Amino acid sequence: MNFLCDVDGVLADFLGSVCEGLTELGYPDIRRERVTQWDIADCLDVPTSVIYNLAGREGFCEGLDVLPGAVALIQMLREHGKVYFATSPIWSARTWMYERTRWLKEHFDAKPGEVLHTSAKELVRGDMLIDDKPQTVERWALAQGREPHKNYGVVWNQPYNATYTITPRLGVVRAQTWDDVNECILKMKAQRGL
């Protein structure tokens with residue numbers, strides 16, 4: 001089985017580093033609890049360009065913290081198959097892709113061929129996609145061209161995506177714990193007779 005795993009918001013604490021950086025820049029009342037929708041800039045009342053400039057700083061991507069449980073998730077996925085890290089690059093950040101690849105190698109022992117830098121995740125084939133952006137998961141599920149629940153698109157639950165209504169089609173589910181992800185894998189294996 002081939003698992004596609006997003007990085008920011010699933011494995012890496014992008015939001016925490018953005019909040020920390022904005023506070024250092026002097027923006028008032030920067031708290032992750034204020035980010036209740038996908039658009040970080042809008043929730044924090046900060047220009048989008050400031051966030052892109054912050055994330056584009058050399059060392060930003062490589063300095064992200066690993067989210068709790070992320071290492072265990074990747075270990076669990078590897079017990080069931082092959083893991084590919086499907087990550088959207090920040091194109092304006094000169095060193096983003098290099099740093100992301102190094103970060104994944106350092107924290108998850110990722111090989112270069114396992115790191116897929118793309119915003120068009122719907123073009124990547126796999127048995128499961130785990131991502132914190134519901135629209136990305138739904139686009140991926142629609143592009144798979146297969147029967148519902150044969151593969152799974154998993155929306156990794158975060159406060160900023162909690163109000164998005166998942167369309168209950170094509171095997172898109174919401175996961176709040178790594179046990180939820182494992183349950184999806186076991187269902188998928190059972191449906192395939194594995």
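The values are calculated or read from the model by the stated rules, or taken from the named source; none is laboratory data. Note that this is a predicted model, so its numbers are computed, not measured. Cβ coordinates were reconstructed from backbone atoms using ideal geometry, including for glycine residues, and neighbour counts include every protein chain displayed.
Considering each of E20, E62 in turn, give the residue that is surrounded by 14 or more Cβ atoms within 10 Å (Cβ to Cβ) and within 24 Å of T118 (Cβ to Cβ).
Going through E20, E62 in turn, just one is surrounded by 14 or more Cβ atoms within 10 Å (Cβ to Cβ) and within 24 Å of T118 (Cβ to Cβ): E62.
Looking at this structure, is V46 within 16 Å of A12 (Cα to Cα) and among the aliphatic types (A, V, I, L, M)?
Here the answer is no, as V46 does not meet what is asked.
Taking the condition of a type outside the set (D, E) and either modelled with pLDDT of 90 or more or under 29 Å from C19 (Cα atoms) (or both), does G171 pass?
no
Report, by residue number, each residue of region 1-52 that is assigned to a loop (DSSP other than H, G, I, E, B), in contact (Cβ under 8 Å) with a residue 24 or more places away in the chain and of a type in the set (A, V, I, L, M, F, W, C).
Passing the criteria: M1, V7, V10, L11, L25, V35, W38, V46.
What's the total number of residues in region 1-45 that are under 30 Å from E79 (Cβ atoms), among the acidic types (D, E) and touching a Phe, Trp or Tyr at 6+ places or on another chain (Cβ under 9 Å)?
The total comes to 2.
Run down I185, I130, I166 and say which single residue is surrounded by fewer than 19 Cβ atoms within 10 Å (Cβ to Cβ) and either at pLDDT 90 or above or outside the structural domain of E33 (by TED's automatic domain parsing) (or both).
Testing whether each residue is surrounded by fewer than 19 Cβ atoms within 10 Å (Cβ to Cβ) and either at pLDDT 90 or above or outside the structural domain of E33 (by TED's automatic domain parsing) (or both) leaves just I166.
Answer yes or no: is there a residue in region 77-87 that is outside the structural domain of V7 (by TED's automatic domain parsing) and buried (at least 16 other Cβ atoms within 10 Å of the Cβ).
Looking for residues that are outside the structural domain of V7 (by TED's automatic domain parsing) and buried (at least 16 other Cβ atoms within 10 Å of the Cβ), one finds none in region 77-87, hence no.
R32 versus (1) of a type in the set (K, R); (2) surrounded by 15 or more Cβ atoms within 10 Å (Cβ to Cβ); (3) at pLDDT 95 or above: which is the lone unmet condition?
(3)
Pick from R139, R125, R146: which is in a loop (DSSP other than H, G, I, E, B) and either touching an Asp or Glu at 6+ places or on another chain (Cβ under 6 Å) or modelled with pLDDT under 90 (or both)?
Result: R146 is the single residue among R139, R125, R146 that is in a loop (DSSP other than H, G, I, E, B) and either touching an Asp or Glu at 6+ places or on another chain (Cβ under 6 Å) or modelled with pLDDT under 90 (or both).
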